[in-house]
1. Across 10 Å bins from 0, what is the distribution of all Cα-Cα pair distances for region 58-118, in whole percents?
2. Need one number for the chain: average projected area of the convex hull over its C-alpha atoms, nm².
3. Under 8 Å for C-alpha pairs, at least 6 residues apart: give me the relative contact order for the chain, rounded to a whole percent.
4. Please work out the Kirkwood hydrodynamic radius for region 147-196, using every pair of different C-alpha atoms, and report it in angstroms with one decimal place.
5. What order, most packed first, do the peptides 87-93, 149-155 have when packing is the mean number of other Cβ atoms within 10 Å of each residue?
6. If each DSSP helix of 4+ residues adds -39,500 (n - 2.57) and the sum is divided by the residues in the chain, what number results at 222 nm, nearest 500 deg cm²/dmol?
7. Do any of 100/312; 5/144; 54/171; 73/160 go past 25 Å between their Cα atoms, and which?
8. Take the Cα pairs of region 1-136, get the Kirkwood Rh, then feed it into Stokes-Einstein at 10 °C and 1.306 mPa s and tell me D in µm²/s.
Amino acid sequence: MSENKVDTLITSSPFEAAKILLEGGIVVFPTETVYGIGASAFDFKACKKIYEVKNRPSDNPLILHVENLSSLKACGNVSEKAELVFQNFSPGPITGIFTKRNQDLFTAGLNTVALRIPSNSTAQFFLSFCDVPVAAPSANLSGKPSLTKIEYILEEFSGKVDCILKGEEPKIGIESTVIDFSSEPPVLLRPGFVDRNDLLTILPDLQGLETLAESSKIEAPRSPGLKYRHYAPICKVVLKNSLKNAPNDAAQIGFHTNSDSVFAMSVSSNEEYMRSLYAFFVECDRKGIKEAWCEIPKDGNGKEALINRISKAASK
Ligand code: AMP
Ligand code: MG
């Protein structure tokens, strides 16, 4: 991580934040999924600074954020099939991987590019003022939970980035669904809020990474980020069918939390679970909790994404 302390401008003006980005600065901004830490995708030096601040492995590429579908199509080679998916689920929490159309974009040396159109109103204003694709991974230290609240962002990134843009807080709470459209058939690389079953109605040939790995025995991961541990707090995380037998000194999140638990976050839907999960992890570490029990999500939308994030946080 960079040792140099930076002057951080904290602003509610997307215009001011865009100016800083266009001068080569790093800007943390909200999206509907989680906060992002962004730089101009044409400014390789600024993009590399993101890796330093996050302590991110240099082979893990960044998602580029654009304002609308026409900007997206200028960056990547978008098939008709992919366009249909973006027309249905975007602006929103969905990312496509495409072969690169504009060779001047930063993609960590890959010939593919990850692209997304966020729906968050602050992100939309910011991107329209930037008028360049903004490379932005989640705003968190590499491996740690993504951050979903401005108070955590101010604590973690003040003095490390050039600007923090305040505005509409993330409503979804976990990272985007990622689909690889760079070869046929398309592959779901990372589950998210946009659910596999909804995608299948538009993309009936969508593959899961599991089936692909079995059928073609590919060695190299399709998405470099998949090989790293992610989303993990310091405390031990466990995924459980029931919270009934949780010790009182373990934190709990789920639908049936115990009232005598030292710290419990109760949720009533998978959507609320997604929105709360990372704040739960952050609070567990703030409170010095040793073990966090997570109840298995309900069947239906969000289950796959939640199990994916909790399992990654639980893996050592
Ligand atoms: P995050 O950094 O949390 O926003 O996550 C970005 C995810 O997108 C990581 O898992 C990256 O590995 C993945 N990603 C970004 N660009 C590409 C690409 N060109 N090909 C495959 N995966 C990508
Ligand atoms: Mg991340």
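1. Reading upward from the zero bin: 24, 58, 17, 1.
2. 15.6
3. On the way: 700 pairs, mean separation 63.7, N = 316.
Once normalised by length, the contact order is 20 percent.
4. Working: mean 1/r = 0.0740 Å⁻¹.
Result for region 147-196 stands at 13.5 Å.
5. Result, highest mean first: 87-93, 149-155.
6. Counting only the DSSP helices, I get -9000 deg cm²/dmol.
7. Too far apart for the 25 Å limit: 100/312; 73/160.
8. 106
Every read-out reported here was derived from the displayed coordinates using simple, explicitly stated rules and does not represent laboratory data. Here the structure is a predicted model, which means the values were calculated and not measured. Note: ideal-geometry Cβ built from the backbone for every residue, glycine included; neighbour counts use all protein chains shown.
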